[in-house]
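Asks: One structure, as structure tokens, below. Some questions next.
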Amino acid sequence: MKRLFILICTACWLTVCAQGSESPTYEMYYTVTPDTANHYLDVRLDYEGKETENAELVLNMPRWAPGYYQILDFAKHLCDFRAADGAGRNLTWRKDGMNRWRISLPDSRRAVVTYRVYANERDVASSRVSGQVAFVAPPGVFMHVDGDLRHPVTVTFRMPSEWQHISTGLRPLPDDAATFSAPDFDTLYDSPFLLGNHEVSRFSHEGHDYEFALETPDGAAEIGLERDFRRIVSAATRMMGDVPYDNYCLIHMGKGAGGLEHQNSQACYTDGTYHFASRREHVKFLAFVAHEYFHLYNVKCIRPAELWPIDYNREAVTPMLWVSEGLTCYYEFRLLQEAGITTTDEALELISTYFGLYAPYQGQHHMSLRQSSYDIWLNFMNQDDNYRDVRINYYFKGPVVGLLLDVAIREKTAQRQSLDDVMRLLYQRYYHELKRGFTEEEFWQAVTEVAGTPLSEIRRLVDTTEEPDYDRLLAPAGLCIDKANWKIRCVENPDASQLAFQKSMGL
């Protein structure tokens with residue numbers, strides 16, 4: 001009866017998705033079972049075609065995960081691939097490239113495909129299974145029909161009997177908390193899952209539903225994590241004027257590194273505890289949370305044109321990741337200030353950290369910020385000994401240029417406009433109205449529109465290796481740089497204009 005109920009729900013979903021478009025010609029239903037003893041995910045795909053002629057089923061597994069700019073070739077973790085018809089008879093199949101399988105369907109429209117995925121990686125783009133928890137990163141687990149990412153898909157998890165929770169940004173089907181439907185594979189690939197006995201708390205905030213899924217919750221209540229997260233959400237909502245989701249899931253796992261943004265969730269590794277050694281470490285962590293949260297605006301909605309639609313088979317090369325990542329690093333500082341979480345000194349310490357990570361090194365004279373965005377597919381995890389001598393990282397220089405850009409816009413408009421207005425313009429025009437990404441020229445046109453004049457000097461700092469005249473560019477805001485330790489600070493005895501400028505920036 002449960003299986004019948006799920007199939008009925010799936011059929012209803014497909015009917016809704018097909019309204020106004022051509023009816024789907026097949027159905028896809030996944031079942032995933034964690035093998036906790038051996039670190040595997042056992043995957044079964046039930047495929048049901050609706051065409052009567054002989055056919056070939058071509059399945060494709062992504063080679064990378066959006067937001068994680070490295071070819072990971074997830075198929076390398078796959079083994080024991082098998083395809084059968086409805087009666088259990090083996091179907092002929094062959095590999096076509098590293099991540100594509102071709103299955104012959106000579107006498108039947110149905111195929112049952114099974115395979116195993118080794119899941120023992122501790123990074124936010126890869127899956128992990130242990131005796132206590134399973135983190136499912138969908139791009140490395142689920143295959144789509146080649147060339148058809150827009151098709152609906154249903155996933156059911158069969159968990160160990162002692163496990164109680166499945167946390168994700170997707171909503172479960174009614175009356176079946178272990179089954180989830182996605183309207184297309186882009187949505188599924190953007191929806192990680194945490195399975196196990198992790199701590200779960202749910203709350204509503206400003207008309208939206210939230211879930212905290214904490215694998216190692218030690219200290220979360222004591223530091224007021226929920227309180228500060230609510231403040232970050234409210235600050236972002238005031239800044240952008242909109243919330244682009246119905247519900248949001250914060251997935252925080254145990255000791256590790258890295259975080260990955262999603263349209264209605266974030267998946268992050270922590271230090272394994274929320275008891276921080278110092279206030280400085282606490283603030284850095286909240287900046288990390290704010291970073292991944294602001295990404296739901298800047299990259300999930302406000303995105304470079306090269307990042308949408310997504311081609312999971314090859315790199316999405318763009319010169320604009322300094323906007324997607326670098327400006328998001330800048331908004332860590334802005335959000336925590338807007339939320340009333342940090343003091344002025346703590347906020348300046350956050351932005352100063354980025355100065356110190358690139359400004360003292362020779363790489364800034366060999367690679368522009370634009371080029372670092374373009375070449376990230378070569379350098380995402382490239383830590384050669386000469387790294388700082390010949391390259392820069394847009395995570396470091398990007399927020400610095402973001403600060404300079406914000407100050408320049410505020411100066412040109414007598415503090416009536418700011419970088420926030422650029423972000424709102426891009427969000428409204430390209431995400432809401434045109435429903436597409438922005439080009440490089442369209443970004444700079446938006447800056448010109450807000451500032452009232454082209455900011456050619458700031459663009460030159462992006463496109464070339466020219467070293468910024470920091471003190472001159474920051475002077476309108478009453479800020480300066482101590483190059484002995486690359487700390488940004490307020491100037492002594494600021495004038496009235498500089499004080500007003502600092503107030504407008506929340507300093």
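The values are calculated or read from the model by the stated rules, or taken from the named source; none is laboratory data. Here the structure is a predicted model, which is why all the values come from computation and not from measurement. No Cβ is skipped: glycine too gets one built from the backbone with ideal geometry, and neighbour counts run over all protein chains shown. Heavy atoms of the whole protein, side chains included, go into the accessibility calculation; ligands, DNA and RNA do not. Shrake-Rupley method; radii C 1.70, N 1.55, O 1.52, S 1.80 Å.
Asks: Given charges of +1 on the Cβ of Lys and Arg and -1 on the Cβ of Asp and Glu, with all other atoms neutral, how large is the dipole of region 223-365 about its Cα centre, in debye to the nearest 20?
Replies: Rounded to the nearest 20 debye, it is 180 debye.
Asks: Out of the DSSP beta bridges found with both residues in region 220-294, what percent are antiparallel (nearest 5)? Can you show the working numbers first?
Replies: On the way: 4 of 10 bridges.
Around 40 percent antiparallel, to the nearest 5.
Asks: If you take every DSSP beta bridge fully contained in region 236-379, what fraction is antiparallel? Give it as a percent rounded to 5.
Replies: Values: 4 of 11 bridges.
The antiparallel proportion sits near 35 percent.
Asks: Over 27 Å between Cα atoms, which of K284/K397; K255/K483; K50/K300; K284/K487 qualify?
Replies: On the way: K284/K397 18 Å; K255/K483 35 Å; K50/K300 34 Å; K284/K487 16 Å.
Those over the limit are K255/K483; K50/K300.
Asks: Setting aside same-chain residues fewer than 8 positions from K503, which lysines have a Cα under 17 Å from its Cα?
Replies: Result set, ordered by chain and number: K412.
Asks: Would you mind computing, in nm to one decimal, how far apart the modelled labels at D242 and V390 are, each placed 7 Å from Cα along Cα→Cβ?
Replies: Here the answer is 4.3 nm between the modelled labels.
Asks: Shifting gears a bit: Below 8 Å, C-alpha to C-alpha, sequence gap of six or more: please give me the relative contact order for region 183-279 in percent.
Replies: Rounded, it is 28 percent for region 183-279.
Asks: Another question, then. Give me the accessible area per residue for the chain, probe 1.4 Å, as a whole number in Å².
Replies: Heavy-atom accessible area per residue stands at 41 Å².
Asks: Hey, rough spin-label estimate for F81 and E162, points 7 angstrom out along Cα→Cβ, what's it come to in nanometres?
Replies: 3.6
Asks: On to the next question. Under 8 Å for C-alpha pairs, at least 6 residues apart: give me the relative contact order for the chain, rounded to a whole percent.
Replies: Details: 958 pairs, mean separation 55.5, N = 507.
Normalised by residue count, the contact order of the chain is 11 percent.
Asks: Determine the gain in length on full extension of the stretch A496-K284; use 0.36 nm per residue of separation and subtract their C-alpha separation, reporting nm with one decimal.
Replies: 73.2 nm
Asks: Search the structure for amide H atoms under 5 Å from the amide H of S265, placed 1.01 Å from N in the peptide plane, and list their residues when 5 or more places away or on another chain.
Replies: Here the answer is C249, since their amide H atoms fall under 5 Å of that of S265.
Asks: Which helices count as membrane-span-like in the chain under these terms: full DSSP H, at least 20 Å along the axis by C-alpha, Kyte-Doolittle mean of 0.5 or more? Working shown, then result.
Replies: Details: long enough: 2-18 (24 Å, 1.64); 225-240 (22 Å, -0.24); 279-294 (22 Å, -0.21); 344-358 (23 Å, 0.32); 394-412 (26 Å, 0.46).
Flagged H segments are 2-18.
Asks: Going by the alpha-carbon gyration tensor, a ≥ b ≥ c the square roots of its eigenvalues, is region 98-204 rounded (a/c under 1.5) or, if a/c is not under 1.5, prolate (a/b greater than b/c) versus oblate?
Replies: Details: a/c = 1.84, a/b = 1.56, b/c = 1.18.
Taking the square roots of the gyration eigenvalues as a ≥ b ≥ c, region 98-204 is prolate.
Asks: Then there is this: Give me Rg/Rg_expected for region 365-507, where Rg uses Cα atoms only and Rg_expected = 2.2 N^0.38 Å with N residues.
Replies: That ratio works out to 1.15.
Asks: Pop out the ³J(HN,Hα) list for region 151-159 in order, Karplus 6.51 cos²θ - 1.76 cosθ + 1.60 with θ = phi - 60°, rounded to Hz; leave Gly and Pro as x.
Replies: After applying 6.51 cos²θ - 1.76 cosθ + 1.60, I find 7, x, 8, 10, 10, 10, 9, 10, 9 Hz.
Asks: While we're here: Taking just the C-alpha trace of region 201-320, give me its Rg and Dmax in Å.
Replies: 15.3, 44
Asks: Hey, another quick one. When we measure straight from the Cα of K76, which lysines land under 20 angstrom away, once same-chain ones fewer than 8 places off are left out?
Replies: Within the straight-line cut-off, K76 pairs with K95.
Asks: Take the alpha-carbon centre of region 456-507, take the same for region 354-428, and report the distance between them in whole Å.
Replies: Value for the Cα centre distance between the two parts: 15 Å.
Asks: Follow-up. For the chain, which whole percent of the accessible surface, found with a 1.4 angstrom probe, sits on carbon and sulfur atoms?
Replies: Within the chain, the accessible surface is 47 percent carbon and sulfur.
Asks: Tell me which aspartates and glutamates have Cα within less than 16 Å of K435's Cα, excluding those fewer than 8 residues away on the same chain?
Replies: D186, D242, E306
Asks: To continue, here is another question. Mind listing the phi-derived Karplus ³J(HN,Hα) values for region 166-183, rounded to whole Hz, using 6.51, -1.76 and 1.60 with θ = phi - 60°, and x for any glycine or proline?
Replies: So the Karplus estimates, Gly and Pro as x, are 10, 10, 6, x, 6, 8, x, 5, x, 6, 8, 6, 9, 10, 10, 10, 10, x Hz.
Asks: 222 nm [θ] for the chain, helices only, -39500 (n - 2.57) per DSSP H run of 4+, per residue, to 500?
Replies: Computed ellipticity for the chain at 222 nm equals -9500 deg cm²/dmol.
Asks: Taking amide H positions as placed in the peptide plane 1.01 Å from N, state which residues far from S368 in sequence (5 or more) or on other chains have amide H under 5 Å from it.
Replies: Under 5 Å from the amide H of S368 lies no amide H from a residue far enough along the sequence or on another chain.
Asks: Take peptides 383-389, 330-336 and line them up by average Cβ neighbours within 10 Å, highest first, as a rough protection proxy.
Replies: Result, highest mean Cβ count within 10 Å first: 330-336, 383-389.
Asks: Using only C-alpha atoms and all pairs of different ones, pull out the Kirkwood radius for the chain in Å with one decimal.
Replies: 24.4
Asks: For region 276-349, what is the Kirkwood estimate of the hydrodynamic radius, computed as the reciprocal of the mean inverse distance between distinct Cα atoms, to one decimal in Å?
Replies: Answer for region 276-349: a Kirkwood hydrodynamic radius of 13.6 Å.
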